[in-house]
Amino acid sequence: MPARRYRNTLVSALAASAVALAGCSSGSHPAPTTSTYDPVGSAGAGTAPAASLSPVPTGQSIAGAKVAGAIRLGLGPQVSAKVRTRVVGGIGASDTTAQGGDGALTGTETSLRTQLDVRQGGQTLRVISTPDTVYIRGLLGGTTWARTTSGLSGTTTTLGGQFRAQTDLANPWRTLPALTAATSVLSVGPTTLKGTPVSSYKLTLRPQDSFGLLSPEQRTPDLKKAFQQLKTVLTVSLDRSGHPLRVVTRVSGTATVGGSRQRIDQTTTVTYSAWGSSVDIATPRSARNLDA
């Protein structure tokens, strides 16, 4: 995999959103890892989570499953929110590339619909991701919409896979498997975000859990090898209802990229707001088919 494509794959993939959070897709499709984590989110299966997670003093630890349970309970069966993604850095010490998008999401864990205005190559593209189709406005110029269904469960080397990876970052359920697998997470700052009281938790992920943050389109053999060599730190900030307000993922270290050893340092931040607000994401009535 060429280094440039590898860097773009990392940019598309990594959460901070920690989600983002699978590894860049609003998670509009069912995540294969859904069945691997315990939806009750407490110390053991069959134990119902509390209505909210009591604040843990900074510097103390708590079971990751409890944090995951609080998030799952806070999200409920259906969500709607505004979302912003930011990805900074990549491969090489001089790589300070920033990418990201602003938009909204609505739906369920297995049927999430996401809209992002993504800044890419000096222009802004509107991307709408649904479980079976990705729509892009601006890719063909002007206000023309394009649509693709290819590569949505394949790899990021396809056009559909690349845009799906970007929207997958916004998936608020994306970090739950990694949190649930953590024996303990550390309570850290901040304690407020824009005046809202929050509880923040930090953990260093095992390589297999880091790789699991990626959307299915990004789980290539090359990236799997790279994640064995990289360190991934996840920080999640929740409001008192268990809604994630900010998810930050930093991936750093040295890994083999394009046949050579490269320094990688990338931080992905996914910010949520207006949980429960009215969100209507309508797909275009007509769009040019890119798969033809």
Listed residues T254, T232, T267, T192; which is under 20 Å from G101 (Cα atoms) and of a type in the set (S, T, N, Q)?
T267
Residue hits (the range 216-257; touching an Asp or Glu at 6+ places or on another chain (Cβ under 6 Å) and not polar (S, T, N, Q)) are L245
Considering only residues that are in contact with a strand residue (DSSP E or B) (Cβ under 7 Å, 6 or more places away or on another chain) and modelled with pLDDT of 90 or more, look in the range 185-194 and name the one that is farthest from K66 (Cα to Cα).
L193
Could you pull out the residue among L213, L203, L245 that is closer than 27 Å to A70 by Cβ, crowded, with 17+ Cβ neighbours inside 10 Å, within 17 Å of the chain's Cα centre (by Cα) and at pLDDT 95 or above?
L245
Go through (1) exposed (fewer than 15 other Cβ atoms within 10 Å of the Cβ); (2) of a type in the set (V, I, T); (3) modelled with pLDDT of 95 or more and name the single condition V236 misses.
(1)
Could you list, in sequence order, the residues of the range 178-192 that are assigned to a helix (DSSP H, G or I) and either in contact with a Leu (Cβ under 8 Å, 6 or more places away or on another chain) or not β-branched (V, I, T) (or both)?
A178, L179, A181
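Of V87, V19, V11, which residue is modelled with pLDDT under 50, surrounded by 23 or more Cβ atoms within 10 Å (Cβ to Cβ), farther than 19 Å from T180 by Cβ and touching a helix residue (DSSP H, G or I) at 6+ places or on another chain (Cβ under 9 Å)? Step through it out loud before you land on a result.
Numbers: V87 fails: modelled with pLDDT under 50; V19 fails: farther than 19 Å from T180 by Cβ.
Exactly one residue qualifies, and that residue is V11.
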Would you pick out the residues in the range 125-169 that are outside any loop (DSSP other than H, G, I, E, B), hydrophobic (A, V, I, L, M, F, W, C) and modelled with pLDDT under 90?
L159, F163, A165
Looking only at the range 255-290, count every residue that is surrounded by fewer than 12 Cβ atoms within 10 Å (Cβ to Cβ) and either in a loop (DSSP other than H, G, I, E, B) or not basic (K, R) (or both) and tell me the total.
9
Test for F227: is it of a type in the set (F, W, Y), modelled with pLDDT under 85 and touching a Lys or Arg at 6+ places or on another chain (Cβ under 7 Å)
no
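The values are calculated or read from the model by the stated rules, or taken from the named source; none is laboratory data. Owing to the predicted nature of the structure, the values given are computational and were not obtained by experimental measurement. Please note: Cβ atoms are built from the backbone with ideal geometry, for glycine as well, and neighbour counts cover all protein chains shown.
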